[in-house]
Amino acid sequence: MTIGVISDTHGLLRPEAVEALAGVDHILHAGDVGDAWILERLRAIAPLTAIRGNVDTQGVCAALPATEAVELGGRLFYLVHSLGDLDINPVAAGVAVVVSGHSHRAEVAERGGVLYLNPGSAGPRRFDLAVTVALVEVGNVRVVARTVHLL
């Protein structure tokens, strides 16, 4: 199973992001969507699980949950926009992957047997940070994530 992970679009869904997510089995959006049409466009690519971020204060985006747990490929994924707001113990909860955004910095790290994934920002470029999404491969034995640079 291939999962596309995107965050911090801030109202901008780049064609490069759409191309990178084409063909995935599911999409996770880790908040700061910025505009409801982005949710609709992502749903046209694959089933979508999305949470709100700190800029999602109005309309449909404000109604998104602050956190979400979803089982994909037999693994539990937990979405929270900022790791500072992580409100569970991922190990105790049986979470395989914690997905976050907010920092606009892509990161893949394993801590305590849990994969922590920040896909970076796919929206407007911020400072000198890369514009990225991530792809996650869920296999029978392990979960592997990689960052995809869009620009």
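Here, each number is a calculation from the coordinates, and none is a lab measurement. Treat the numbers as computed from the prediction; the structure is a model and nothing was measured. Cβ atoms come from the backbone with ideal geometry, glycine included; neighbour counts cover every protein chain shown.
What does DSSP give for the chain in terms of the percent of beta bridges that are antiparallel, rounded to the nearest 5?
Values: 22 of 36 bridges.
Taking every DSSP beta bridge within the chain, about 60 percent pair in antiparallel fashion.
Between residue 146 and residue 66, the distance separating the two model label sites (each 7 Å from Cα on the Cα→Cβ line) works out to 3.6 nm.
Please work out the ratio of the alpha-carbon Rg of the chain to 2.2 N^0.38 Å and round it to two decimals. Walk me through the intermediate numbers first.
Working: Rg = 13.8 Å, N = 151, 2.2 N^0.38 = 14.8 Å.
Against the compact-globule rule of thumb, the ratio is 0.93.
Counting pairs of alpha carbon atoms under 8 Å apart in space and at least six apart in sequence, what relative contact order in percent does the chain give? Walk me through the numbers before you get to the answer.
Details: 387 pairs, mean separation 37.3, N = 151.
Taking the mean separation of contacting Cα pairs over the length of the chain, I get 25 percent.
Where does the range 50-105 land on Rg(C-alpha)/(2.2 N^0.38 Å)?
On the way: Rg = 11.8 Å, N = 56, 2.2 N^0.38 = 10.2 Å.
With N residues counted in the range 50-105, Rg over 2.2 N^0.38 Å equals 1.16.
Per DSSP H run of at least 4 residues, take -39500 (n - 2.57); add these up for the chain, divide by its residues and hand me the 222 nm value, nearest 500 deg cm²/dmol.
On the way: 4 runs with 25 residues, N = 151.
One gets -4000 deg cm²/dmol as the mean residue ellipticity at 222 nm.
Contact order for the range 34-100, expressed relative to its length and based on alpha carbon pairs under 8 Å spaced 6+ residues apart, stands at 25 percent.
Karplus-based coupling profile of the range 14-24, in residue order and whole Hz: 5, x, 5, 5, 4, 5, 5, 8, 4, x, 6, with θ = phi - 60° in 6.51 cos²θ - 1.76 cosθ + 1.60 and x standing for Gly or Pro. The charge dipole of the range 44-138, taken about its Cα centre with unit charges on the Cβ atoms of Lys, Arg (+1), Asp and Glu (-1) only, comes to about 180 debye. The value of relative contact order for the range 79-123, using C-alpha pairs under 8 Å at least six residues apart, is 35 percent. Convex hull volume per residue, computed on the Cα atoms of the range 88-140, equals 86 Å³. Using only Cα coordinates, the Kirkwood hydrodynamic radius of the range 9-76 works out to 12.3 Å.
Residues with beta-carbon under 11 Å from that of residue 145, excluding residue 145: net charge, scoring Lys, Arg +1 and Asp, Glu -1? Spell out each step's value before the answer.
On the way: positive: 142, 146; negative: 107, 110, 137.
My count for the surroundings of residue 145 gives -1.
Computed from Cα atoms, the angle from the helix 36-45 axis to the main principal axis of the chain rounds to 60 degrees.
Counted residue by residue at 0.36 nm each, then reduced by the alpha carbon distance between them, the extension gain from residue 46 to residue 110 reaches 20.4 nm. One chain, two ends: residue 16 and residue 83. Fully extended at 0.36 nm per residue, the span grows by 21.5 nm beyond their Cα-Cα distance.
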